[in-house]
Amino acid sequence: MTQENKLPKHVTIIMDGNGRWAKQRGKERIDGHKEGVESVRACCELAVELGIQYLSVFAFSEENWGRPQDEIEGLWKIMLKAITAETPTFMKNNVRFRVIGNFSRLSKSLVKEIDDCMALTAGNTGTSLVVMLSYSGKWDIVQALNKFMSKHPGEQITEETVGSYLSTADIPDPDLLIRTSGEQRISNYMLWQTAYTEYYFTDVLWPDFRKTQFRQALDAYSKRERRYGKV
Ligand code: IPE
Ligand code: IPE
Ligand code: MG
């Protein structure tokens with residue numbers, strides 16, 4: 001089978017290693033996060049070029065709220081700036097921008113910028129770039145169950161209903177999950193949605209993960225045989 005035949009519909013990335021990248025260069029952690037934005041831009045560009053339908057990226061976990069306040073505030077500044085700067089490119093490239101996560105903890109100004117960009121790009125039909133922000137897999141499952149139970153009190157829950165109440169309900173489950181920086185764990189990311197996802201771990205730190213590295217991951221994926229429990 002050619003690689004085109006096995007192009008994943010949905011690639012998700014746990015973008016890890018910004019802090020270590022900065023430390024290696026005698027820089028501040030925040031400089032690693034800034035450089036990481038360039039990697040998101042490059043990967044999104046390749047997703048557009050190849051026609052990958054969904055690229056989701058784990059940008060901030062619920063657990064990341066436990067980081068120092070100045071790092072957290074620095075991250076929001078970087079995100080705000082990046083969204084503003086990238087919006088014209090999203091429009092040019094037919095990219096639909098989405099953010100998924102627990103918005104209740106985000107600042108009003110960031111939520112407004114996010115909402116504006118999501119509304120503006122809502123009609124775009126190319127690649128969807130989905131930023132998972134203040135997200136965690138357990139949070140998602142719990143909010144799904146609560147929403148279901150308040151709408152259908154006393155009813156039995158099925159696998160389909162759980163899936164349809166998750167924050168990612170209208171997005172296919174990831175075919176490929178990439179994690180950078182050598183860590184081989186899921187860190188409370190999409191727990192339900194990755195039941196049959198292919199995993200790809202690389203030692204490359206996120207700011208160094210660009211088109212070449214993304215292509216290598218896609219190439220590795222194209223050689224995988226997915227069996228879903230069958231023979
Ligand atoms: C990933 O890089 C970005 C976020 C979690 C926001 P890290 O900041 O976790 O970088 P390391 O793991 O400390 O190198
Ligand atoms: C996972 O990275 C979260 C994101 C990439 C946003 P972490 O750096 O927070 O994960 P752990 O703490 O090493 O598991
Ligand atoms: Mg990390």
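The values are calculated or read from the model by the stated rules, or taken from the named source; none is laboratory data. Given the structure is predicted, the values throughout are model-derived calculations rather than measurements. Here the Cβ is made from the backbone with ideal geometry for all residues, glycine too, and neighbour counts use every protein chain on show. Ligands, DNA and RNA are stripped out before the accessible areas are found, and what is left, the full protein with its side chains, is counted by its heavy atoms. Shrake-Rupley method; radii C 1.70, N 1.55, O 1.52, S 1.80 Å.
Each residue in region 25-71 was checked for being away from ligand 2 (no atom under 16 Å from the Cβ) and either open to solvent by less than 40 Å² (accessible area, probe 1.4 Å) or farther than 25 Å from residue 107 by Cα (or both), and 15 of them qualify. Only one of the numbered conditions (1) in contact with a strand residue (DSSP E or B) (Cβ under 9 Å, 6 or more places away or on another chain); (2) away from ligand 2 (no atom under 16 Å from the Cβ); (3) of a type in the set (Asp, Glu) is violated by residue 140, and that is (2). Across region 58-74, the qualifying residues are those that are more than 10 Å from ligand 1 (Cβ to nearest atom) and not small (Gly, Ala, Ser), and the one among them that is nearest to residue 126 (Cα to Cα) is 62.
Hey, can you tell me all the residues within region 187-206 that are part of a helix (DSSP H, G or I) and open to solvent by 30 Å² or more (accessible area, probe 1.4 Å)? None; the set is empty.
Does residue 164 satisfy being open to solvent by 30 Å² or more (accessible area, probe 1.4 Å) and of a type outside the set (Phe, Trp, Tyr)? For residue 164, the condition - open to solvent by 30 Å² or more (accessible area, probe 1.4 Å) and of a type outside the set (Phe, Trp, Tyr) - is met. Being loosely packed, with under 14 Cβ neighbours inside 10 Å and within 16 Å of ligand 3 (Cβ to nearest atom) is true of residue 182.
The criterion of being away from ligand 3 (no atom under 16 Å from the Cβ), touching a strand residue (DSSP E or B) at 6+ places or on another chain (Cβ under 8 Å) and in contact (Cβ under 8 Å) with a residue 40 or more places away in the chain does not hold for residue 51.
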